[in-house]
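Report on the structure given below.
The values are calculated or read from the model by the stated rules, or taken from the named source; none is laboratory data. Computed from a prediction, not measured in an experiment: that's the story for all the values here. All Cβ positions, even for glycine, are placed from backbone atoms using ideal geometry, and neighbour counts span all protein chains on display. Quick note on the areas: whole protein, heavy atoms, side chains included, nothing else; ligands and nucleic acids left out. Shrake-Rupley method; radii C 1.70, N 1.55, O 1.52, S 1.80 Å.
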Amino acid sequence: YDGFFWAKMKLSGVEGKNIDRLTLVIPLKNEESPMFHAVSNTIRTNPAGNIPDGSGIVWDGSQLKRAMDFGKEMIHPQIVPCIWIGGVEKGLSWFLDSSMGYRLKKDAPAMRIVRNGGELRLEVDIINRPSKLKDGHEFEFGMQATPVKPLEKSWRKIVYDSSGEGIKGMDTAI
């Protein structure tokens, strides 16, 4: 795949060590990343559109709807399997295939979009609860730069925005 990256991380020398938090922080250029699309395990209720204004945490994974099966969640409530952040010209997707190796509180969002001044950050908790690690602790995730293929020039003026607000100078598709 064009731009596809899969990371299989292995922490060595951690036998018996206690850790409270391990967070992957991905800094992005605020002006180049006005939009996002996060995916849980539903088809039509995933947010897509402009990243909310403000400072500090402007969005977190607890805001995703998750499908239920026989009254139980089919996916851990804190997991966000896939998120894309970017703009018309480019973006970045972060995703996981399994939560194996992640040590997460069920009542705390493990993914956040944070604004601090002119910086935009995607923060992904790998561990956010007290955990005793074994040597060779492993976890995995993937990233992909977008677009993966060149687009028709006219398509670059079309943006999907479920709120209908759109972006100045763009054609909005709802």
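With every protein chain left in place, what is the accessible area per residue of the chain in square angstrom, probe 1.4 Å?
Using a 1.4 Å probe on heavy atoms only, each residue of the chain averages 61 Å².
Can you spot the lysines whose alpha carbon is less than 17 Å from Lys90's alpha carbon? Ignore those fewer than 8 places along the same chain.
Leaving aside lysines fewer than 8 places away in the same chain, those within reach of Lys90 are Lys29, Lys149, Lys153, Lys157.
By a straight-distance test (C-alpha under 29 Å), which lysines pair with Lys17 as possible cross-link partners, with residues fewer than eight away in the same chain excluded?
Lys8, Lys105, Lys106, Lys132, Lys134
Running a GNM on the chain with Cα contacts under 10 Å, which residue among Glu15, Glu140, Glu32 ends up with the highest mean-square fluctuation?
Comparing Glu15, Glu140, Glu32 in the GNM, the peak value goes to Glu15.
Can you compute the FRET efficiency between Ser163 and Met100 using 1/(1 + (r/R0)^6), with r the Cβ-Cβ distance and R0 = 25 Å? Round to the nearest 0.05.
0.10
State whether region 107-149 is rounded, prolate or oblate according to the following rule on the C-alpha gyration tensor (a ≥ b ≥ c being the square roots of its eigenvalues): a/c under 1.5 gives rounded; otherwise a/b larger than b/c gives prolate, and the remaining case gives oblate.
Oblate is the answer for region 107-149, as a/c is 1.5 or above yet b/c matches or exceeds a/b.
What nm distance separates the two modelled labels at Lys134 and Lys153, each placed 7 Å from Cα along Cα→Cβ?
A separation of 5.8 nm, rounded to one decimal place.
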